[in-house]
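Accompanying notes for the structure given below.
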Amino acid sequence: MFTSLQTDEVTREEPNSTIIMSSSSTSDDQLSNLPPSRIGASRNYLLDNTASTSRDGRQALSLPTCLPLNVQHLLIIIQHLLLTNDPPSAQHSVIISKCVRLIDTHVARLDAAMALTSSAKPYISTTPLRMPLNRSASIDEQKTQRADLQRFRERVQSMDSVVRRLPQEIWQEVFLFVRAHGEWVDIFDLRDSVYTVGQVCQQWRRASQSCPRLWSRILILVSRLVDVPQGESHLRTVLERSRSVPLDFGLDCGRRIVSAPETHARMLSVLMQHSSRWRSAEFSAMSLNDALLLENVRGRVPELESITLSEVCLQRTGSERIVTSAFEIAPKLMRVDLHFVTLGRCCWTLVLKRTFSICESRIPTASNI
C-alpha cells in the first residue's frame, strides 16, 4: 500500500516505484520550475529516525501507492518537513497547499470511480483524469486507497500547522508549566521528562536545552551511577545548562557511600564550583569527610536560603571535637532541616554555628508555648 521516498537519486517506473532523491545544490526555486521528468536533485536533508530504512541502508519515507505522481514530485522538495517538525518557509507553504489540493482532487476521482463501480447505470465524471484509475479494482480496494490518501493528506496538511511556528520561548513556558509542581530533575534517569521532550524533535531539544530554569532544580542520585567519570561529566553539562539562575539541588549518595565514598566527594566538588548560585541544598547520606569538604564553600553561598541534612553522620570515632563553619557566612539562610543526623558530643557547635543558632531560636520553649 505504500512506496518510499528515499535520498540519492530519482527513479520512476510504475506508480509503485520508489522515489529517491539525490544530493546536489539545486535550489527549491529551480526544482519548482523543472518538468517532472527532470526533477532529480535536491539538498541533502538530515533525516530523523521516523523514516524507514531501505535494504541498502538508506532512509526512506513511506508514501501511499495510489499517490499521484505530481504530488510525489512536489514532495521531493518538502520531504524534510515530513520527517521533522521544522517550520515551513513561505514557498513551502504554497507547495503544501498545492499538494493538499491535488490529493483532494484524486480523492474525488476515487469517489467517482467507486460510484461507477457500484452503480448499475453508467457514471460519467466531469473531472478530467490526469492519472489513470484502476477501474477493475474492487470497492474494498478503492476504499482502502481513499483512506490511505486521507490519512496522508492530514499528514501533509499538518506540515503547515501553526504549532510549527511557535517561538522557542513558548515551548519553554510549556515545558516549565508541565514541571510546575516543583519536581526534581533526576539527572541520571534518561526517562525524566526533561530528556524525553528533547527526543521528540530538534526544535523541542533546542528549546529544552536552552531553558536554564528547566535545569535549575536537580537531583543527584549517586546510587544510579555506573560510570563515575561519565556521570561527573553529565553533571557538569546539566549545571552549564542552568547557566546563572539560582540552583536548587539534592545530593543523595545512598548505598554507594560504603563501597565508593570518593564518588560522593567528586559530585560534591562539581557542585561546589557553583556554590554562588545555591538557593536550597539537600544532602543525604553524607559522611563526615564530605561534611568537612563543605568548608570550601565558606563565604561563597550568598544566595543560600535553605539547607536540609538527612541521615548524615557528623561524628568521628573517639572523643575528638569536630567543628566546621561552612555556612556561617550565609546572609540569606532562613531554614535548616535535620533528619536522623548524628551530631556526637559537640552537638550545636559541630557543623553550622550560625545556622544552628537560627534553628535554636525557632525551637519552642516553655516560655513561648
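The values are calculated or read from the model by the stated rules, or taken from the named source; none is laboratory data. This structure is a prediction, so every number in the text was calculated from the model and none was measured. Reconstructed Cβ throughout: ideal geometry from the backbone, glycine too, with neighbour counts over all protein chains shown. The accessibility values were calculated without ligands, DNA or RNA, using every heavy atom of the protein model including side chains. Shrake-Rupley method; radii C 1.70, N 1.55, O 1.52, S 1.80 Å.
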Next item on the list: Provide the per residue accessible area, probe 1.4 Å, for segment 137-202, rounded to a whole number of square angstrom.
Entry: 58 Å²
Next item on the list: Decide, for segment 221-303, between rounded, prolate and oblate: order the square roots of the alpha carbon gyration tensor eigenvalues as a ≥ b ≥ c, take rounded if a/c falls under 1.5, and otherwise choose prolate if a/b is larger than b/c, else oblate.
Entry: oblate
Check: Which percent of the accessible area of segment 146-205 is formed by carbon and sulfur heavy atoms (probe 1.4 angstrom)?
Finding: 57 percent
Margin query: Can you tell me the length gained on complete extension of the stretch Ser158 to Leu292, counting 0.36 nm per residue apart and subtracting the Cα distance?
Written below: 42.4 nm
Note to self: Checking the a/c ratio against 1.5 first, then a/b against b/c, what shape does the Cα gyration tensor give for segment 152-269?
What the structure shows: prolate
Notebook entry, point to check: Going 7 Å from the Cα of Gln150 toward and past its Cβ, which residues in segment 87-103 have a backbone nitrogen under 16 Å from where you end up?
Noted result: 103
Check: Roughly what would the spin-label model give for Ser310 and Val200, points 7 Å off Cα along C-beta, in nm?
Finding: 3.0 nm
Check: Is the shape of segment 141-193 best called rounded, prolate or oblate, per the rule: a/c under 1.5 gives rounded, else a/b larger than b/c gives prolate, else oblate, with a ≥ b ≥ c the square roots of the Cα gyration tensor eigenvalues?
Finding: prolate
